[in-house]
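Before any comments, here is the structure.
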Amino acid sequence: MPVTLVIHGGAGNIHPGMMTGSQEQQYREGLTAALDKGYAVLRDGGAATDAVIAAITELENNVLFNAGRGSVFTKKGLHEMDAALMDGATLNAGAIAGVRNIKNPIMLAREVVLHSGHVFLSGKGAGEFALSRGIEFAPDDYFFNKDPYDQWVDIRDSDFYQLDHKEDNMKGPIPNTDHKFGTVGAVAFDAKGNLAGGTSTGGMTNKRFGRIGDSPVVGAGTYANNKTCAISCTGHGEYFLRAVVAYDVSCLMEYKGLSLQEACNTVIKDKLVKLGGEGGLIAVDGQGNHDFCFNSAGMYRAMRNDGGREEVAFYGA
């Protein structure tokens, strides 16, 4: 059974011609760096959860992606981040939502798994827990990046909100600006046959009212179960929440006997489309098989296994 790591950096209106060669290279290098970090854990016999954390931490530290340091701005010009981690061997999970100034939200999600006695913490309470666990904080300046700031400035005085990854998905007209493509995630299958999945995001530009998407919600944006698969989703979170996408894939495998690819296609390319939802997911099953599945123009994605296979891609197949 090949150890496997799969990662994503967001799905959406990603098409040839939208990036220069230099920009493509930056994204390629960013995804490859995350692969290197996560796969090193698996190569050395480490746990799937640790590989997922290592890969996502690298992506959170990269300003290209809407997670951690690269998070987009809320209506109030702040950064509110969400993340989740799930262990397929135990079904233990940890999630945090609406946290501020946490350098690596995925690290806090792991602390929730190990030390909180709970599954899901939010807002100031999650921040207090982070302090108690010695999680690293960073000042507002650390999270300031010009591209997402300019994107927010264009719509901050309106009631519009904008997905970080889709140029025309707004509540109302959209200014002609450059856009980031964000939410990050990783799924892994380790040498002991265990699965894990994790997701981290900065949410929507100009979001209000403490909005939370699917990323930190177990079963919607993140799920892992050794019986079936590990999933990390990216897209328009409201639809992924309503469709309970990650768990739905697992259920189709467990109760209907579908393969990983069949289950992913059923949920992403049929059920989600009928709801009007756009986005995608990455997945790996208990045999090390993987899938990139999306109904959008593209998805920043990459994988590596010990069978010698590696792939880094942006655009539709």
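The values are calculated or read from the model by the stated rules, or taken from the named source; none is laboratory data. Fair warning: this is a prediction, and the values are worked out from it, not measured in the lab. Positions of Cβ are backbone-derived with ideal geometry, glycine not excepted, and every protein chain shown enters the neighbour counts.
Inspection of the range 125-134 identifies no residue that is basic (Lys, Arg), in contact with a strand residue (DSSP E or B) (Cβ under 6 Å, 6 or more places away or on another chain) and at pLDDT 95 or above.
Could we say that GLY193 is in contact with a strand residue (DSSP E or B) (Cβ under 6 Å, 6 or more places away or on another chain) and under 27 Å from ALA54 (Cα atoms) here? Criteria not met by GLY193. Pairs are defined by a Cβ separation below 7 Å, a sequence spacing of at least 6 or placement on different chains, a first member in the range 139-152 that is hydroxyl-bearing (Ser, Thr, Tyr) and assigned to a helix (DSSP H, G or I), and a second member that is at pLDDT below 90 and buried (at least 16 other Cβ atoms within 10 Å of the Cβ); the pairs so defined are TYR149/PHE73.
Checking ALA230, ALA243, ALA263 one by one, the residue that is touching a residue at least 40 places away in the same chain (Cβ under 8 Å), buried (at least 19 other Cβ atoms within 10 Å of the Cβ) and out of contact with any Ser or Thr (no Cβ under 7 Å at 6 or more places or on another chain) is ALA230 and no other. Screening LEU281, LEU252 for residues that are free of Cβ contacts under 8 Å to residues at least 24 places away in the same chain and either of a type in the set (A, V, I, L, M) or assigned to a loop (DSSP other than H, G, I, E, B) (or both) leaves exactly one candidate, LEU252.
Within the range 293-317, how many residues turn out to be under 14 Å from GLY12 (Cα atoms) and in contact with a Leu (Cβ under 8 Å, 6 or more places away or on another chain)? If you could, list the steps in order and put the result at the bottom.
First, pick out the residues of the range 293-317 that are under 14 Å from GLY12 (Cα atoms): 293-301, 313-317.
Next, from what is left, pick out any that are in contact with a Leu (Cβ under 8 Å, 6 or more places away or on another chain): 293-295, 300-301.
Residues meeting the conditions: 5.
Quick one: ASP50 ticks every box in (1) in contact (Cβ under 8 Å) with a residue 40 or more places away in the chain; (2) within 19 Å of LEU195 (Cβ to Cβ) bar one, so which box is it? Against the list (1) in contact (Cβ under 8 Å) with a residue 40 or more places away in the chain; (2) within 19 Å of LEU195 (Cβ to Cβ), ASP50 comes up short only on (1). Here VAL99 clears all of (1) more than 28 Å from ASP190 (Cα to Cα); (2) modelled with pLDDT under 95; (3) buried (at least 24 other Cβ atoms within 10 Å of the Cβ) except the condition numbered (2).
Restricting attention to the range 105-124, and to residues there that are touching a strand residue (DSSP E or B) at 6+ places or on another chain (Cβ under 8 Å) and under 21 Å from ASP141 (Cβ atoms), which single residue is surrounded by the most Cβ atoms within 10 Å (Cβ to Cβ)? Within the range 105-124, the match that is surrounded by the most Cβ atoms within 10 Å (Cβ to Cβ) is PRO105. If the condition is being without any contact (Cβ under 8 Å) to a residue 60 or more places away in the chain and either part of a loop (DSSP other than H, G, I, E, B) or closer than 19 Å to GLY279 by Cα (or both), then the range 14-28 contributes GLY17, MET18, THR20. When GLY10, GLY94 are checked against the criterion of being closer than 18 Å to ALA302 by Cα, within 16 Å of the chain's Cα centre (by Cα) and not in a loop (DSSP other than H, G, I, E, B), GLY10 stands alone in meeting it.
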